[in-house]
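K.L.:
Below is one structure. I have some questions about it.
The values are calculated or read from the model by the stated rules, or taken from the named source; none is laboratory data. Remember, predicted model here, so these are calculated numbers, not experimental data. Note that each Cβ is placed from the backbone with ideal geometry, even for glycine, and that neighbours are counted across all protein chains shown.
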Amino acid sequence: MPKISENEMQQNKARIVRTLLAHPHGLTANELMDLLGYDVLRTLNKHLEELRAEHRIYKEATLHFAFPLKEPRRFQPSPEEAVILYLAARLFVKHNHTQIKLADLTLIKMAEIVAEDMYLGKHILQAAHELANRPEAREYQAIFETMIRAYIHQRRVHITYEPYQGNSFETDFEPYLLEPSAIGFTTYAIGYSEIVDDLRTYKIERIRDIEMLNDEEFDVPADFPGLEILRNAWSIFFGDETVEVVMRFHPEVVRRVKETRWHPSQALQEDTEKPGYLLMQIEVSDTTDLKPWIRGWGAHCEVLKPDDLRQQLMGEARRLAELYGWYTTRNREIDEDDPLGLNDTFSDYFGK
């Protein structure tokens, strides 16, 4: 088992204390293992022994208890405010597929803050334990925490990045903004990348190595718009120029579409050509992260504009039909450079 850093050890011990405070009737070592995601009982027992020596916890028979904390509470949310924190916490837990002990500790502290509302505090604590029992990924956890510290303290980082397509590369990077995305359940860093001398968006899960350059501070440019940079994005792909997308929704899903405001630019209107259908018009800077959302509606959503997006989805529909054996290829010459027909359009198979 790799040796953990002093910072991580202190986080682990803080998680133990906070968890015991949330369980005033005490917990056994095995119960702590299950709640906090420890793999080795010996490691947990070592932390428990150190905490007892520090007079932060005590033991009676097989149960461990925490002494009350003396630190002041700076924020005591109202019940309504606590619900907002809970919803944000649930979203964070849902879109992180690995352990992040810093986040786990934060959620335990949140549960303690709202302990007066035991019903809500219990749910936040459950969210913390859910995150703690996700698969451990030490490399990602270290990268995630380093990026957070660089963002907070405005320090450059040197990263090795592995894009989805293409070769990996190294660059110095200044994180101006961190943004979670429901597409792919991930977190992105937006900022200045030296290799292109421009703003770039990097998915944190694709960073293979990171080093914070402590002696290289940066100032966020006065003209950086902050969250406003995403005003034209469907989720994360930003830009000043936009493309008009028009979609037609089947009557079976019209009510569901109307229940949510999916994008600030959206305009809805009844389809005069097909009664009962609904048209949605939006203006987005890029359709890359829009396509998964469109696919999610299946045959209940038809793209009318732009034509290139329509043709892409037609090609996907054809490949799905072929995959499930719905039809066989006809009247098509095999292209050696594209034997699977990934660049074909709908008309290549069904005619215009």
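K.L.:
Taking the condition more than 21 Å from Gln99 (Cβ to Cβ) and in a helix (DSSP H, G or I), does Glu31 pass?
P.N.:
Here the answer is no, as Glu31 does not meet what is asked.
K.L.:
With the structure loaded, tell me whether Val196 is surrounded by 15 or more Cβ atoms within 10 Å (Cβ to Cβ), on the phi < 0 side of the Ramachandran plot and β-branched (Val, Ile, Thr) or whether it fails that test.
P.N.:
No: the conditions fail for Val196.
K.L.:
Would you mind telling me which numbered condition in (1) at pLDDT below 95; (2) of a type in the set (D, E, K, R); (3) surrounded by 17 or more Cβ atoms within 10 Å (Cβ to Cβ) Asp215 fails?
P.N.:
Result: Asp215 fails condition (3) only.
K.L.:
Only one of Ile229, Ile190 is within 17 Å of Ala150 (Cβ to Cβ), among the hydrophobic types (A, V, I, L, M, F, W, C) and under 22 Å from the mean Cα position of the chain (by Cα); which?
P.N.:
Answer to the selection: Ile190.
K.L.:
Of all residues in region 14-50, which are modelled with pLDDT of 90 or more and of a type in the set (Lys, Arg)?
P.N.:
Selection gives Lys46 alone.
K.L.:
Still on this model: Output the residues belonging to region 243-286 that are of a type in the set (S, T, N, Q), over 30 Å from the mean Cα position of the chain (by Cα) and assigned to a strand (DSSP E or B).
P.N.:
Listed by number, the list holds a single entry, Gln269.
Here is a yes/no grid of residues against (1) among the basic types (Lys, Arg); (2) in the same structural domain as Thr201 (by TED's automatic domain parsing); (3) at pLDDT below 90:
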| site | (1), (2), (3) |
| --- | --- |
| Val253 | no, no, no |
| Arg256 | yes, no, no |
| Ser265 | no, no, no |
| Asp271 | no, no, no |
| Leu278 | no, no, no |
| Gln281 | no, no, no |
| Ser285 | no, no, no |
| Asp289 | no, no, yes |
| Glu302 | no, no, no |
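K.L.:
Residue under question is Ser285, and the condition is that it be surrounded by 15 or more Cβ atoms within 10 Å (Cβ to Cβ) and within 28 Å of Glu145 (Cα to Cα); does it hold?
P.N.:
It is false that Ser285 is surrounded by 15 or more Cβ atoms within 10 Å (Cβ to Cβ) and within 28 Å of Glu145 (Cα to Cα).
K.L.:
For region 289-314, give me the residue count where each residue is in contact (Cβ under 8 Å) with a residue 24 or more places away in the chain and either more than 19 Å from Ala182 (Cα to Cα) or part of a loop (DSSP other than H, G, I, E, B) (or both).
P.N.:
Residues in region 289-314 being in contact (Cβ under 8 Å) with a residue 24 or more places away in the chain and either more than 19 Å from Ala182 (Cα to Cα) or part of a loop (DSSP other than H, G, I, E, B) (or both): 14 in total.
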